[in-house]
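Working notes, structure below.
The values are calculated or read from the model by the stated rules, or taken from the named source; none is laboratory data. Everything numeric here is computed off the predicted structure, so don't read it as measured data. As a convention, Cβ positions derive from the backbone with ideal geometry for all residues, glycine included, and neighbour counts pool all protein chains shown. What goes into the accessible areas is simple: the full protein's heavy atoms, side chains included, and nothing from ligands, DNA or RNA. Shrake-Rupley method; radii C 1.70, N 1.55, O 1.52, S 1.80 Å.
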Amino acid sequence: MATKDDIKFLSNPKIGLKRTKYCRFKKFGIRYVDYKDADFLLQFINEQGKLLPRRITGNSLKYQRKVSTAVKRARHLAFLPYVADLLK
Amino acid sequence: MRHYEVTFIVDPVLSGDEIKSTAQTYVDMLQQEGCTIVHKDEMGLRQLAYPIKKRNSGVYFCVEFQSEGGAFIPKVELALSRDERIMRYLTVALDKFGVKFNDDKRKGLIGKKTRKAVAAVEGEGVRTQPAPAPAPAPVAVAPSPEPAPAPAAEEE
């Protein structure tokens, strides 16, 4: 007979669980987004070089604004491309 | 006093001395306008993300300076834009976090390897200041580099 404990792990318990999003700037205490650090900014853009939405990155509004400014500055200085294909 | 930062890209086709003298021209110009140069960073030859003026690479310079007001900045920018040897430029006013970031970067506190060290320094600062206050609260507030310890502390 299958007891309650056996049934509990028939399916992966992690499937269907919502992963909690967090703002990495708040979590790690980063106060300034550097526009010269292209590798760091690469985390916030997609393969075409477009900014990822907050819905995906989990940034708070305050830091999303800073990220977007930093990415735009980096594009102007050719640290990041304006348009790209297969950036990552 | 406000902090500013001007980043510009110099044409890589010029010889090494010409590149340096071009950058020095603008450092001198800033000094003549009465600002203090905080730091002059030669970021060196870099690949551009897209071609500018049919060049695929450029020599990056970044000058951080301090001044009372920004009245002279349009003048410097005009000179930069008229200069054939400068491919791009950007002037940015730094907030207090930007100033601190650049300062830490020069000390070598910023980076993947040393992020722990930064957190340790900040953590100590937080802990030492409110010593008479209840102890557990500031420790929880202190930014921790690893994701694991923070939630654990909250659960307890």
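Condition test on B:A79, is it open to solvent by 80 Å² or more (accessible area, probe 1.4 Å) and among the small types (G, A, S)?
Values: open to solvent by 80 Å² or more (accessible area, probe 1.4 Å): no; among the small types (G, A, S): yes.
Spelling it out, it is not the case that B:A79 is open to solvent by 80 Å² or more (accessible area, probe 1.4 Å) and among the small types (G, A, S).
Within the stretch A:68-86, how many residues turn out to be in a helix (DSSP H, G or I) and in contact with a strand residue (DSSP E or B) (Cβ under 7 Å, 6 or more places away or on another chain)? So that I can check it myself, show each step before the final result.
Of the residues in the stretch A:68-86, the ones in a helix (DSSP H, G or I) are A:68-76.
When the remaining residues are screened for being in contact with a strand residue (DSSP E or B) (Cβ under 7 Å, 6 or more places away or on another chain), the result is A:68, A:71, A:73, A:76.
Of the residues in that region, 4 qualify.
So which pairs qualify, if the first residue must be in the stretch A:65-82 and more than 10 Å from chain B (Cβ to nearest Cβ) and under 13 Å from A:D37 (Cα atoms), the second must be open to solvent by 10 Å² or more (accessible area, probe 1.4 Å) and among the basic types (K, R), the Cβ gap must be under 8 Å, and the two must be at least 6 apart or on different chains?
From the stretch A:65-82, no pairs qualify.
Condition first: touching an Asp or Glu at 6+ places or on another chain (Cβ under 7 Å) and surrounded by 15 or more Cβ atoms within 10 Å (Cβ to Cβ). Now tell me which residues in the stretch B:1-33 satisfy that. Quick ask: steps written out before the conclusion?
First pass over the stretch B:1-33, keeping only residues touching an Asp or Glu at 6+ places or on another chain (Cβ under 7 Å): B:1, B:3, B:5.
Across the stretch B:1-33, the qualifying residues are B:H3, B:E5.
Need at least 1 residues that are at pLDDT 90 or above and open to solvent by less than 90 Å² (accessible area, probe 1.4 Å) per element, so show me which helices (runs of 4 or more DSSP H) inside the stretch A:1-67 make the cut, counting only ones lying wholly within it. Don't jump to the end; show me each part of the working.
On the way: elements: A:4-8, A:24-28, A:38-41, A:54-57.
Passing ranges, in order: A:24-28, A:38-41, A:54-57.
List pairs: first in the stretch B:43-54 and touching a residue at least 40 places away in the same chain (Cβ under 8 Å), second small (G, A, S), Cβ under 9 Å, 6+ apart or cross-chain?
These pairs meet every condition: B:I52/A:A78; B:I52/B:G58.
On the given criteria, is B:V38 under 20 Å from A:D37 (Cβ atoms), away from chain A (no Cβ under 14 Å), at pLDDT 90 or above and open to solvent by 30 Å² or more (accessible area, probe 1.4 Å)? Give the derivation first.
Details: under 20 Å from A:D37 (Cβ atoms): yes; away from chain A (no Cβ under 14 Å): yes; at pLDDT 90 or above: yes; open to solvent by 30 Å² or more (accessible area, probe 1.4 Å): yes.
Judged against the criteria, B:V38 is a match.
Just checking, does the stretch B:49-62 include any residue being modelled with pLDDT under 95, in contact with a Cys (Cβ under 9 Å, 6 or more places away or on another chain) and open to solvent by less than 80 Å² (accessible area, probe 1.4 Å)?
Among the residues of the stretch B:49-62, not one is modelled with pLDDT under 95, in contact with a Cys (Cβ under 9 Å, 6 or more places away or on another chain) and open to solvent by less than 80 Å² (accessible area, probe 1.4 Å), which makes the answer no.
Given the criterion surrounded by 14 or more Cβ atoms within 10 Å (Cβ to Cβ) and among the aliphatic types (A, V, I, L, M), identify the matching residue among B:L94, B:L45.
Values: B:L45 fails: surrounded by 14 or more Cβ atoms within 10 Å (Cβ to Cβ).
When all the criteria are applied, what remains is B:L94.
Restricting to the stretch A:68-80, name every residue that is in contact with a helix residue (DSSP H, G or I) (Cβ under 8 Å, 6 or more places away or on another chain) and open to solvent by 10 Å² or more (accessible area, probe 1.4 Å).
Our first condition is that a residue be in contact with a helix residue (DSSP H, G or I) (Cβ under 8 Å, 6 or more places away or on another chain); within the stretch A:68-80, this holds for A:70-71, A:74, A:79-80.
The one that is in contact with a helix residue (DSSP H, G or I) (Cβ under 8 Å, 6 or more places away or on another chain) and open to solvent by 10 Å² or more (accessible area, probe 1.4 Å): A:F79.
Anything in the stretch B:10-54 that is under 23 Å from A:P81 (Cβ atoms) and in contact with a Leu (Cβ under 7 Å, 6 or more places away or on another chain)? List them, or say none.
Scanning the stretch B:10-54 gives B:P12, B:A49.
From the list A:I15, A:I30, A:I56, which residue is facing chain B (nearest Cβ under 9 Å) and among the β-branched types (V, I, T)? Full working, then the answer.
On the way: A:I15 fails: facing chain B (nearest Cβ under 9 Å); A:I56 fails: facing chain B (nearest Cβ under 9 Å).
Among A:I15, A:I30, A:I56, only A:I30 is facing chain B (nearest Cβ under 9 Å) and among the β-branched types (V, I, T).
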